[in-house]
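Read through the structure below, which is laid out as structure tokens, and then see the notes.
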Amino acid sequence: MGIPPYATFGQRVWYYGFRVICGLIFAFLITPILVVIPLSFNAEDFFTFTPEMLSFDPEGYSLKHYQDFFSNNEWQRSLKNSLIIAPIATFMSVCLGTLAAIGLSQSHVPFKGAIMAILISPMIVPLIISATGMFFFYSTLGNWMESTLGLDKTLVGYIKVILAHAVLGIPFVIITVTATLVGFDHSLTRAAANMGANPVTTFFRVQMPLILPGVISGALFAFITSFDEVVVVLFVGSAGQKTLPWQMFIGLREQISPTILAVATILVVVSVALLTVVELLRRRSERLRGMSPG
């Protein structure tokens, strides 16, 4: 919607000024990403633009860093770990976060504000503090699982990282599902109950289809959080659970490998695709709730 013709001079200045400010903020945020993407095609093992790249000489560009990523065993092992940990942690986050959001949406639940604050605290508390607390908690839990349950040390390592990432993803699911439930008509669930449907049937046949966009949005945010997280896995995991961000951190600290640029570009593309899906789901959710035209 454009500015109305009857707008005053001050309103016009604010209208265009606000857009200029937003554009500057967007450029400030997106410029570092735009620098990384072309550097990932550098034919040399440098983190800077070569004269050939600046002159757009085809000899200055190459896919060798991408080839190294897909052929290097260390990178592929890290990618495999990320693809194991992130989906499982996301599934746990969705299950627990959705149930928590539905429970907190009930009017008779006492201390909803305090409970909500506790549940979303992992995304508010500085990550280094959360990681330190998780280290002490999950190290004790891991020792118990190894000594009492007799589980393999590698399996215990995966369990600890998955549980830690699930904790980080739950707040995102709670927030998105709670936002979806704001416009939910609870008379639908009462009508289903009056028709003889049990709570489980009511949830999957009535409530879930309407809040599904919020659930999927929360799942995507939880997946991105788990897939990109490095601090917690450094504290909780071991070398056997080395994820892709951990390998990137090692590449910056020890090897100075330009392959990091290729991996970063791939992660940017994946993140943009997932965020595009989130936006499409948000619009679909608004249409289902009648908050926007079809």
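Quick one: Thr178 ticks every box in (1) over 25 Å from Ser82 (Cβ atoms); (2) out of contact with any helix residue (DSSP H, G or I) (no Cβ under 8 Å at 6 or more places or on another chain); (3) at pLDDT 85 or above except a single one, so which number is it?
Failing condition for Thr178: (2).
Quick one: is Thr90 within 26 Å of Ala264 (Cβ to Cβ) and either touching a residue at least 24 places away in the same chain (Cβ under 8 Å) or within 24 Å of the chain's Cα centre (by Cα) (or both)?
For Thr90, the condition - within 26 Å of Ala264 (Cβ to Cβ) and either touching a residue at least 24 places away in the same chain (Cβ under 8 Å) or within 24 Å of the chain's Cα centre (by Cα) (or both) - is met.
Across region 63-82, which residue is farthest from Ile162 (Cα to Cα) among those that are part of a helix (DSSP H, G or I) and free of Cβ contacts under 8 Å to residues at least 40 places away in the same chain?
Lys64
In region 29-59, what count of residues is obtained for those that are free of Cβ contacts under 8 Å to residues at least 24 places away in the same chain, under 18 Å from Thr265 (Cα atoms) and not in a loop (DSSP other than H, G, I, E, B)?
Number satisfying all stated conditions: 8.
Pull up region 140-156, narrow it to residues that are part of a loop (DSSP other than H, G, I, E, B) and not β-branched (Val, Ile, Thr), then point me to the one that is surrounded by the fewest Cβ atoms within 10 Å (Cβ to Cβ).
Gly150
Of (1) assigned to a helix (DSSP H, G or I); (2) in contact with a helix residue (DSSP H, G or I) (Cβ under 6 Å, 6 or more places away or on another chain); (3) over 25 Å from Val278 (Cα atoms), Ala166 satisfies all except one. Which?
Single failed check for Ala166: (3).
Among the residues of region 1-15, what is the count of those that are surrounded by 11 or more Cβ atoms within 10 Å (Cβ to Cβ) and of a type in the set (Phe, Trp, Tyr)?
Residues flagged as surrounded by 11 or more Cβ atoms within 10 Å (Cβ to Cβ) and of a type in the set (Phe, Trp, Tyr) within region 1-15 amount to 2.
Results for (1) among the aromatic types (Phe, Trp, Tyr); (2) modelled with pLDDT of 85 or more; (3) within 30 Å of Val263 (Cβ to Cβ), shown as yes or no for each residue.
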{"residue": "Trp14", "(1), (2), (3)": "yes, yes, no"}
{"residue": "Ile33", "(1), (2), (3)": "no, no, yes"}
{"residue": "Leu54", "(1), (2), (3)": "no, no, yes"}
{"residue": "Phe69", "(1), (2), (3)": "yes, yes, yes"}
{"residue": "Ala86", "(1), (2), (3)": "no, yes, yes"}
{"residue": "His108", "(1), (2), (3)": "no, no, no"}
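Let's see how each residue does on (1) of a type in the set (Asp, Glu); (2) within 30 Å of Gln207 (Cβ to Cβ); (3) within 25 Å of the chain's Cα centre (by Cα):
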position: Gly133; (1), (2), (3): no, no, yes
position: Phe136; (1), (2), (3): no, no, yes
position: Thr140; (1), (2), (3): no, no, no
position: Asn143; (1), (2), (3): no, no, no
position: His165; (1), (2), (3): no, yes, yes
position: Ile170; (1), (2), (3): no, yes, yes
position: Thr180; (1), (2), (3): no, yes, yes
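Which residues, counting only those in region 85-133, are in contact with a Ser or Thr (Cβ under 6 Å, 6 or more places away or on another chain) and farther than 16 Å from His165 by Cβ?
If the condition is that a residue be in contact with a Ser or Thr (Cβ under 6 Å, 6 or more places away or on another chain) and farther than 16 Å from His165 by Cβ, then Ala101 is the only one that fits.
Against the condition among the aromatic types (Phe, Trp, Tyr) and in contact (Cβ under 8 Å) with a residue 12 or more places away in the chain, how does Phe204 come out, does it pass?
Judged against the criteria, Phe204 is not a match.
Test Ile102 against the stated conditions and say whether it is surrounded by 11 or more Cβ atoms within 10 Å (Cβ to Cβ) and free of Cβ contacts under 8 Å to residues at least 40 places away in the same chain.
So Ile102 does not fit the description; no.
Looking at the structure I just gave you, is Phe26 surrounded by 10 or more Cβ atoms within 10 Å (Cβ to Cβ) and among the aromatic types (Phe, Trp, Tyr)?
yes
Kindly list the number of the only condition in (1) touching a residue at least 60 places away in the same chain (Cβ under 8 Å); (2) surrounded by fewer than 21 Cβ atoms within 10 Å (Cβ to Cβ); (3) among the β-branched types (Val, Ile, Thr) that fails for Val173.
Of everything listed in (1) touching a residue at least 60 places away in the same chain (Cβ under 8 Å); (2) surrounded by fewer than 21 Cβ atoms within 10 Å (Cβ to Cβ); (3) among the β-branched types (Val, Ile, Thr), Val173 misses just condition (2).
The values are calculated or read from the model by the stated rules, or taken from the named source; none is laboratory data. If you're wondering where the values come from, they're calculated on a predicted model, not measured in any experiment. Positions of Cβ are generated from backbone atoms using ideal geometry, with glycine treated the same way; all protein chains shown enter the neighbour counts.
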